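Participant: Handing you this structure, nothing more for now.
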């Protein structure tokens, strides 16, 4: 791997970790605002569910140093996309007038995030196996 690609991956990893941490904090803030009149136990359960994709992405970013370059790039890009898209969804929901289905976005967004993480993981494994099975090493 050349130096510029390595530097790019290091920077992308830093942005991915920062974005995932900021996304988790922002999601908790939005969730707390949306559920300000909810029971504490319900908020605690939502907090675990809402932060779980971010924690998974943070874990992936910390253990990915030995992964293939395409797999790492996909993970880091996904972390940024999930953080940005989910904060937009949560923010849009929180700033709207209250409705009976206000909690639905806090159920659906983590599910969709985990779905994207799973699909990306399968694609990364497929790409990594394709690279490893290539006898030319390209």
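Each value in this text was obtained by applying a stated rule to the coordinates, not by laboratory testing. All of these numbers come straight from a predicted model, not from anything done at the bench. Here the Cβ is made from the backbone with ideal geometry for all residues, glycine too, and neighbour counts use every protein chain on show.
Participant: At 7 Å along the Cα-to-beta-carbon direction for both residue 4 and residue 95, put a label point, then send me their distance in nm to one decimal.
Facilitator: Result for the modelled spin labels: 3.8 nm.
Participant: Okay, helix-only estimate at 222 nm for the chain: each DSSP H run of n ≥ 4 adds -39500 (n - 2.57), divide by all residues, round to 500 deg cm²/dmol; what do you get?
Facilitator: Result for the chain, helices only: -29500 deg cm²/dmol.
Participant: I would also like to ask the following. Need one number for the stretch 1-95: average projected area of the convex hull over its C-alpha atoms, nm².
Facilitator: If I average the Cα hull's projected area over directions, I get 6.2 nm².
Participant: When the chain is fully extended, how far beyond the present Cα-Cα distance does residue 66 get from residue 38, taking 0.36 nm per residue of separation?
Facilitator: 5.8 nm
Participant: Roughly how many nanometres apart are two label points built 7 Å out from the Cα toward the Cβ at residue 25 and residue 103?
Facilitator: Placing both labels 7 Å beyond Cα along the Cβ direction yields 2.7 nm.
Participant: Oh, and also: Assuming 0.36 nm per residue, please report the length gained on full extension of the stretch residue 52 to residue 125 beyond their Cα-Cα distance. Before the final figure, lay out each step's value.
Facilitator: Details: separation 73, 0.36 × 73 = 26.28 nm, distance 2.17 nm.
Here the segment from residue 52 to residue 125 would lengthen by 24.1 nm.
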